[in-house]
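Here the structure comes first, spelled out in C-alpha cells, and everything after it is commentary.
The values are calculated or read from the model by the stated rules, or taken from the named source; none is laboratory data. Here the structure is a predicted model, which means the values were calculated and not measured. FYI the Cβ positions are ideal-geometry reconstructions off the backbone, even for glycines, and counts take in every protein chain you see. Surface accessibility is based on the protein's heavy atoms, side chains included, excluding ligands, DNA and RNA. Shrake-Rupley method; radii C 1.70, N 1.55, O 1.52, S 1.80 Å.
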Amino acid sequence: FCGLHTTSAKEAHDSLAASKGKMAHAYTTFDLNENKVEIEDKDALEFWKKHFQESSTITTAQFTEPMLKRFPNENKKVTTILCKHVICCSGDANKKDVTAQEFDKFVKRFGPFDKCVANVRPS
C-alpha cells in the first residue's frame, strides 16, 4: 500500500524496550535542598535558626527586629537600611524577600557576623 509501513507487536515491544529509560519525563524535578538554610558563619547560622528556624525566606519586618536587638549598640538607622535595602531585595517590609542565601552572602562580604554592621560603615 504505497509505502505504508506496518509494525508488528513484537517490533513495537522491542522498540519500546530499547528506548526505556531514554524517554522524556512529563514532570519537572526540583532540588529538595534548594530551600535548605546554609549559612557558613556559625554565629550567623545560630542567629538565623534561633529567630527563623528552617525558613529559607522571611519578610523584611521579621528580619529587621531581631537584627536591631542583636546589634543594639550600632546606629539603628544604619541597621534598618541594611535590613531593608542591602540584605533584602525590595525594601517592602511585608514582602518575603530576605533569604538565608542573601544573608549568607552579606555576612561573607561584611563578616564575621558579630561585626557585620560595623564593617559596613565607612571608616
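Filtering region 42-66 down to residues that are buried (at least 19 other Cβ atoms within 10 Å of the Cβ) and at pLDDT 95 or above, which residue is nearest to Thr99 (Cα to Cα)?
Checked region 42-66; the qualifying residue nearest to Thr99 (Cα to Cα) is Trp48.
Please work out if Lys95 is at pLDDT 95 or above and open to solvent by 100 Å² or more (accessible area, probe 1.4 Å). Full working, then the answer.
Values: at pLDDT 95 or above: no; open to solvent by 100 Å² or more (accessible area, probe 1.4 Å): yes.
In short, no.
Can you list residue pairs whose Cβ atoms sit under 7 Å apart, with the first residue in region 65-78 being more than 18 Å from Asp43 (Cβ to Cβ) and the second being basic (Lys, Arg)? Count only pairs 6 or more apart in sequence or on different chains.
From region 65-78, the pairs are Val78/Arg121.
Tell me which of these His85 doesn't satisfy, since it passes every other one: (1) at pLDDT 95 or above; (2) within 14 Å of Phe106 (Cβ to Cβ); (3) open to solvent by 90 Å² or more (accessible area, probe 1.4 Å).
(1)
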